[in-house]
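Chemist: Before anything else, here's the structure in question.
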Amino acid sequence: MKPVRLAASLGAAFVLSATVSTLALAQAPVCSAPVKVLAQPRDGLTLLEDSKAEFEKLSGASFKIDYLNENDRRAKSRADASTVGNYNVYYVDEANVALFASSKWIVPLTDYYPADYDYADFDPGRQKVATYDGKVWFAPLTGGGDLMVYRKDVLEAAGIQPPKTLDELIADVPKLTNADKGMYGIALRGARGSGANVWRWMPFFKAYGGKWFDGDKPAFNSEAAVKATEAYLKLFKDSAPGTQTGSWDESTGAFLSGQVAILVESTPLSGMAVDPKTSQVVGKIGFLPPPSPLPGGGYGHGLAIAAKANADDASKKCAGLFIAWATSKENEKRRLDAHQFGELNRTSILSSKEFADIYGADLGQALAETGKVTAVNFWQDPRWPDLGDRWGIILEELIAGTRTDVKGSLNELEAYANELVKK
Amino acid sequence: MPRRSSLPVTFVVPTLVILLILSMVPTLYAIIIALQNRELSSTAYSWVWFSNFFDLFSDRRFLNAVWVSVKWEVVTVVATMVVAIGLGVLMFEVASQRLRNVYCLLFIIPVLLPRVSAAFVWKFAYHPLYGIATYPYRLLTGGLIFDPLSKPSTALFAVASVDVWQWGLFFAVIVLKLLETLPPQPIEAARLDHAKRWQIHAYVTLPMLKAPLVSLMFVKMIESLRSFDLIYVMTRGGPGVATETLDMYAFSQGFIESGKVSYASAMAVLMMIATVITFTMLWKRVQA
């Protein structure tokens, strides 16, 4: 063989092999192992499991979601992230995103979130909750503020107008309670936790003018906190049975089964309340923003990329692709088609004609109104879960009646907050 | 003189070494962590020696947890043994062999249920509005509400009843089987002396079964110390801190609330020391 032909043949072989390698790389699956997800039960995630094959085709691997209820999910994800790091994706929320981000248990999402999936399409409020220290950490699965959902028939029968102020709410709730007929004025959350009883107590605290910290100095031990706690405890006397040690499930469950006249809860309740599959009070309810000056509790839950289990860039890309796919427009459209109101987060879906056709104008109006009073009520700091959970225990004791001294309880919390700040 | 074989040593030593490693490594690690100030959210730590232990004695929740743990231990162990002996004797006295077999099968089912499943089943059974366990109260009082898991005075007993439901019934089967293995002569002799049924059991059968019954009691005492799953699912230590046992509080401090793993380890070490001392003393007293 002549040297020129040999060189040409070798060159051609090199180009061919390079092209094949590039093609092979381009088609190489993004994921090499199933994505392990730790989450709390959500209808949207259950629906997502029906499309496993689609993700497998897209990424080359499947996924597995382990579900734990909210408090357990928080405890387990914290333990897992700080120790063994078994999960590739964590379900995080507004209460612990600061802790997870500052502890480097999760990585900034947008570095691994494919641009095609359009992160900017998420509701701006939820994007804000997902942002800490100038970086985006999770893609929303749910979020929003609070709405007052009330039983039109029960209020009408009692001759009571839907309360527009907090004072009216406090005055009306006892009048609406008729325990003999299984009707209770309100349902609150009694179970301990920064995302449980403290979450429902915080709008009262803010309504009376309370604030958590003034710089590094605790400022919550105030008249506002005492008034808020006393109002919360007073309302609890008319709260449905089971809520004294219950949280979201118990209070919404009591309302949806027709035992509660007024409920101020997170916005997903409204979607559940108009769905005959989950509600026994369809057609009997009205929606309004929370009675003034109660602010709505702004919140957001979503999926974040774990740092420990995704040691290399390839694993992070795989987790990022899973999150992008799970929260994509296509999957959100499936949730809308399945009437999963609480699982909708994209503006393109929330403003769509299909959304208005399914949920009607009233709910859309109430959601728009409540958006104006939605606020972040908790202390946006990595130490928040610690402080919030401590107050949750004390508040549960006050609700259970094993403690009666509100001011003394706040003094104890202040002493604990001072210790936290010193660290 | 027979030659000493090294075979027993060959078989026993590796097993003992593995057991020693499995038990001692976590224990030593827990002790070391208890002397530091580690937290989940930070990799930085320093040695604080006995500071965590001193802090525990001024922590009202820890002192409450000690008291709740003592109450839990006494209530569950005593109730389990009473139910086990009562039902075991009752089956021995009144049930035919065929019926005994049916009862044994039924009584073993609760303990076969995973604790978490049992806890969920009973949590729903105690629901004030829909629960089957609270239904008789609603029926008798014309619809009044009874919420045992929400009341500090009843919550511990409500959770303890689930523990007794699982273990008391299982132990009743063991007691019955123990009674069936006793030689019939002493019982016959007592009957000939016109002893009443309760006298036969109080003065003949149960004293004959003292050793296995004491062993059963010790098993239950150890099992009751591991009540975490039941309490966690049913009350999470609430209402307030009414059912917060030491293991529940240690887990709260370590993984739910503040991530203070060193503080939680200090509690675990204290629990271990207290358990070893108490059980050794009780064992010696029983042996004496």
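The values are calculated or read from the model by the stated rules, or taken from the named source; none is laboratory data. Everything numeric here is computed off the predicted structure, so don't read it as measured data. Ideal geometry is used to build each Cβ from the backbone, glycine not excepted, and the neighbour counts take in all protein chains shown.
Chemist: Do we find a residue being more than 12 Å from chain A (Cβ to nearest Cβ) and within 18 Å of the chain's Cα centre (by Cα) anywhere in the range B:234-246?
Modeler: Taking the range B:234-246 first, the residues more than 12 Å from chain A (Cβ to nearest Cβ) are B:245-246.
Still in the list and also within 18 Å of the chain's Cα centre (by Cα): B:245-246.
For the range B:234-246, residues more than 12 Å from chain A (Cβ to nearest Cβ) and within 18 Å of the chain's Cα centre (by Cα): present.
Chemist: While we're looking at this one, here's another question. Tell me the residue from A:Lys308, A:Lys372, A:Lys329 that is more than 21 Å from the chain's Cα centre (by Cα) and either in contact (Cβ under 8 Å) with a residue 60 or more places away in the chain or under 30 Å from A:Leu166 (Cα atoms) (or both), please. Steps first, please.
Modeler: Working: A:Lys372 fails: more than 21 Å from the chain's Cα centre (by Cα); A:Lys329 fails: more than 21 Å from the chain's Cα centre (by Cα).
It is A:Lys308.
Chemist: Does the range A:155-168 contain at least one residue that is in contact with a strand residue (DSSP E or B) (Cβ under 7 Å, 6 or more places away or on another chain), buried (at least 20 other Cβ atoms within 10 Å of the Cβ) and basic (Lys, Arg)?
Modeler: no
Chemist: In addition: Can you pull out every residue in the range A:395-417 that is under 22 Å from B:Leu40 (Cβ atoms) and either at pLDDT 95 or above or under 26 Å from the mean Cα position of the chain (by Cα) (or both)? Even if it seems obvious, please write down each step before you answer.
Modeler: Restricting attention to the range A:395-417, the residues satisfying the condition of being under 22 Å from B:Leu40 (Cβ atoms) are A:413, A:416-417.
Listed by number, the residues that qualify are A:Leu413, A:Ala417.
Chemist: If I filter the range B:37-48 for residues that are part of a helix (DSSP H, G or I), surrounded by 10 or more Cβ atoms within 10 Å (Cβ to Cβ) and either under 29 Å from the mean Cα position of the chain (by Cα) or among the aliphatic types (A, V, I, L, M) (or both), do I get at least one hit? Spell out how you get there, then give the answer.
Modeler: Initial filter on the range B:37-48 (part of a helix (DSSP H, G or I)): none.
No, the conditions are met nowhere in the range B:37-48.
Chemist: From the list A:Tyr416, A:Tyr359, pick out the single residue that is of a type outside the set (A, V, I, L, M), within 14 Å of chain B (Cβ to nearest Cβ) and in a helix (DSSP H, G or I). Write out each step before concluding.
Modeler: Values: A:Tyr359 fails: within 14 Å of chain B (Cβ to nearest Cβ).
Only one candidate qualifies: A:Tyr416.
Chemist: Let me ask something else about it. Would you point out which residue out of B:Thr205, B:Thr235, B:Thr275 is surrounded by 23 or more Cβ atoms within 10 Å (Cβ to Cβ) and in contact (Cβ under 8 Å) with a residue 12 or more places away in the chain? Before you say what the answer is, go through the steps one by one.
Modeler: Values: B:Thr205 fails: surrounded by 23 or more Cβ atoms within 10 Å (Cβ to Cβ); B:Thr275 fails: surrounded by 23 or more Cβ atoms within 10 Å (Cβ to Cβ).
Unique residue meeting the criteria: B:Thr235.
Chemist: Quick one: A:Thr370 ticks every box in (1) surrounded by 21 or more Cβ atoms within 10 Å (Cβ to Cβ); (2) at pLDDT 85 or above; (3) in a helix (DSSP H, G or I); (4) more than 14 Å from chain B (Cβ to nearest Cβ) bar one, so which box is it?
Modeler: Tallying (1) surrounded by 21 or more Cβ atoms within 10 Å (Cβ to Cβ); (2) at pLDDT 85 or above; (3) in a helix (DSSP H, G or I); (4) more than 14 Å from chain B (Cβ to nearest Cβ), A:Thr370 fails exactly one: (2).
Chemist: From the list A:Leu269, A:Leu256, pick out the single residue that is within 26 Å of B:Asp147 (Cα to Cα), more than 14 Å from chain B (Cβ to nearest Cβ) and of a type in the set (A, V, I, L, M). Working first, answer last.
Modeler: Details: A:Leu256 fails: more than 14 Å from chain B (Cβ to nearest Cβ).
The unique qualifying residue is A:Leu269.
Chemist: Would you point out the residue of the range A:232-254, among those that are touching a helix residue (DSSP H, G or I) at 6+ places or on another chain (Cβ under 9 Å) and small (Gly, Ala, Ser), that is surrounded by the fewest Cβ atoms within 10 Å (Cβ to Cβ)?
Modeler: Going through the qualifying residues, I end up with A:Ser247.
Chemist: A further question on this structure: Consider the range A:293-310. How many of its residues are closer than 17 Å to A:Val37 by Cβ and either out of contact with any Cys (no Cβ under 8 Å at 6 or more places or on another chain) or not assigned by TED's automatic domain parsing to the domain that holds A:Asp80 (or both)? Give the steps one after another, and end with the answer.
Modeler: Taking the range A:293-310 first, the residues closer than 17 Å to A:Val37 by Cβ are A:301-310.
Right, trim to either out of contact with any Cys (no Cβ under 8 Å at 6 or more places or on another chain) or not assigned by TED's automatic domain parsing to the domain that holds A:Asp80 (or both) and you get A:301-309.
Going through the range A:293-310 one residue at a time, the tally reaches 9.
Chemist: Against the definition (buried (at least 19 other Cβ atoms within 10 Å of the Cβ), in the same structural domain as A:Arg74 (by TED's automatic domain parsing) and either under 27 Å from A:Ala306 (Cβ atoms) or out of contact with any Phe, Trp or Tyr (no Cβ under 7 Å at 6 or more places or on another chain) (or both)), how does A:Ala139 come out, yes or no?
Modeler: Numbers: buried (at least 19 other Cβ atoms within 10 Å of the Cβ): yes; in the same structural domain as A:Arg74 (by TED's automatic domain parsing): yes; either under 27 Å from A:Ala306 (Cβ atoms) or out of contact with any Phe, Trp or Tyr (no Cβ under 7 Å at 6 or more places or on another chain) (or both): yes.
Answer is yes for this residue.
Chemist: Given the conditions (1) in contact with a Pro (Cβ under 9 Å, 6 or more places away or on another chain); (2) at pLDDT 95 or above, and given that B:Cys104 satisfies all but one, which numbered condition is not satisfied?
Modeler: (1)
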